2 protein chains.
Amino acid sequence: MLQIDPASPVPINDQIKAGLRGLVARGLLKPGDLAPSIRGLAASLKVNPNTVARAFRELALEGFLESRRGDGNYVSDKAKRQVQQNLGGVRAGLNEALLSARRGGLPWREVEALVQKVRAEEP
Amino acid sequence: MLQIDPASPVPINDQIKAGLRGLVARGLLKPGDLAPSIRGLAASLKVNPNTVARAFRELALEGFLESRRGDGNYVSDKAKRQVQQNLGGVRAGLNEALLSARRGGLPWREVEALVQKVRAEEP
DNA sequence: ATTAGTGTACTATAACACTAGTACACTATG
DNA sequence: CATAGTGTACTAGTGTTATAGTACACTAAT
């Protein structure tokens, strides 16, 4: 349901937060739905439960999740709206990636070609 | 001549290595050329000289640079070839960023718009 | 009431990236 | 030779990230 890259320099808890936001953005998780449990997600991702707990705690502080002790974490009603606002951050991330690719010497033709390829391969 | 993003989770020394490879990829630095000095580059990037020294040392180990103590770091003859192989990694990185942006819910027109914007703002 | 599953909280430890400071060796230049 | 600039090397310390272990509080199901 969710994937991370342990080798990435991006902190795992940040990847988890982005992943959950992405699930909502794609409609796989809706406001009112129960998010995966901390221990269960930690086991499936093979990371420490504290790392997942930290991501969930921060998402709860933002109002994205509603934690019910002994029950689980529920996607809040604001989540959908927050995901829209979060698009700015997503845009910033892609912006940085484009700059990095250019600094790395990837020609614009290759950039354009890659965009088309990814688009074509999408479901 | 070289740019980095101190706020990025990508280690600065990795950014410096990528930047130097990029300069060669773009033809701004050729085999035989003298690379920027460790202290000078550290000053212009506003990072610690040891951080730059580490990047240079690793590039020298890879055979990308040739260090001449008391003189400077020269771009090796193999550098050009190494950069070509490295482009695959750069492409893979951008590919992953595009997928992440899509998972984050960024529409295709926004992706296209961002590509054009970055391209337009480039020196 | 008991049990299993859940979230929460805290400390300690380790690894990594980076900073800071210092010292030394070498080369080019005058 | 003297100087300035260069690369190299080492130690110590800081902050971040993640892990490991433990304990506690609550809820749902039986």
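The values are calculated or read from the model by the stated rules, or taken from the named source; none is laboratory data. Remember, it's a predicted structure, so these values are computed and weren't measured experimentally. Methodologically, a virtual Cβ is constructed for each residue, glycine included, from the backbone with ideal geometry; neighbour enumeration extends over all protein chains shown. Remember, those area values only see protein heavy atoms, side chains included, never the ligands or the DNA or RNA. Shrake-Rupley method; radii C 1.70, N 1.55, O 1.52, S 1.80 Å.
Scanning the stretch B:2-27 for residues that are surrounded by fewer than 13 Cβ atoms within 10 Å (Cβ to Cβ) and among the hydrophobic types (A, V, I, L, M, F, W, C) returns a single hit, B:Ala7. Among the conditions (1) part of a helix (DSSP H, G or I); (2) within 16 Å of DNA strand C (Cβ to nearest atom); (3) among the polar types (S, T, N, Q); (4) open to solvent by less than 90 Å² (accessible area, probe 1.4 Å), the only one that B:Asn50 does not satisfy is (4).
Has the stretch A:74-89 got any residue that is within 11 Å of DNA strand C (Cβ to nearest atom), touching a Gly at 6+ places or on another chain (Cβ under 8 Å) and modelled with pLDDT of 95 or more? Scanning the stretch A:74-89 turns up at least one residue that is within 11 Å of DNA strand C (Cβ to nearest atom), touching a Gly at 6+ places or on another chain (Cβ under 8 Å) and modelled with pLDDT of 95 or more.
Scanning the stretch A:104-121 for residues that are open to solvent by 50 Å² or more (accessible area, probe 1.4 Å) and at the interface with chain B (Cβ under 7 Å from one of its Cβ atoms) returns A:Glu110, A:Arg119. Residues in the stretch B:1-27 that are at the interface with another protein chain (Cβ under 9 Å from one of its Cβ atoms) and not in a loop (DSSP other than H, G, I, E, B): B:Asp14, B:Gln15, B:Ala18, B:Gly19, B:Arg21, B:Gly22, B:Leu23, B:Val24, B:Ala25.
Test B:Ser100 against the criterion of being within 16 Å of DNA strand D (Cβ to nearest atom), in contact (Cβ under 8 Å) with a residue 24 or more places away in the chain and of a type in the set (Gly, Ala, Ser), and give yes or no. No, not satisfied.
Considering B:Arg26, B:Arg69, the condition of being out of contact with any Phe, Trp or Tyr (no Cβ under 7 Å at 6 or more places or on another chain), basic (Lys, Arg), farther than 24 Å from A:Leu99 by Cα and free of Cβ contacts under 8 Å to residues at least 12 places away in the same chain is satisfied by B:Arg69 alone.
For the stretch B:53-66, the set of residues classified as over 17 Å from B:Arg81 (Cα atoms), open to solvent by 30 Å² or more (accessible area, probe 1.4 Å) and away from DNA strand C (no atom under 11 Å from the Cβ) consists of B:Arg57 only. Consider B:Gly40 carefully, then state whether it is open to solvent by less than 50 Å² (accessible area, probe 1.4 Å), out of contact with any strand residue (DSSP E or B) (no Cβ under 6 Å at 6 or more places or on another chain) and on the phi > 0 side of the Ramachandran plot. Criteria not met by B:Gly40.
Return yes or no: is B:Ser76 under 30 Å from A:Val24 (Cα atoms) and of a type outside the set (D, E, K, R)? Even if it seems obvious, please write down each step before you answer.
Values: under 30 Å from A:Val24 (Cα atoms): no; of a type outside the set (D, E, K, R): yes.
Here the answer is no, as B:Ser76 does not meet what is asked.
Checked against (1) in contact with a Phe, Trp or Tyr (Cβ under 8 Å, 6 or more places away or on another chain); (2) without any contact (Cβ under 8 Å) to a residue 60 or more places away in the chain, B:Gly40 meets all criteria but (1).
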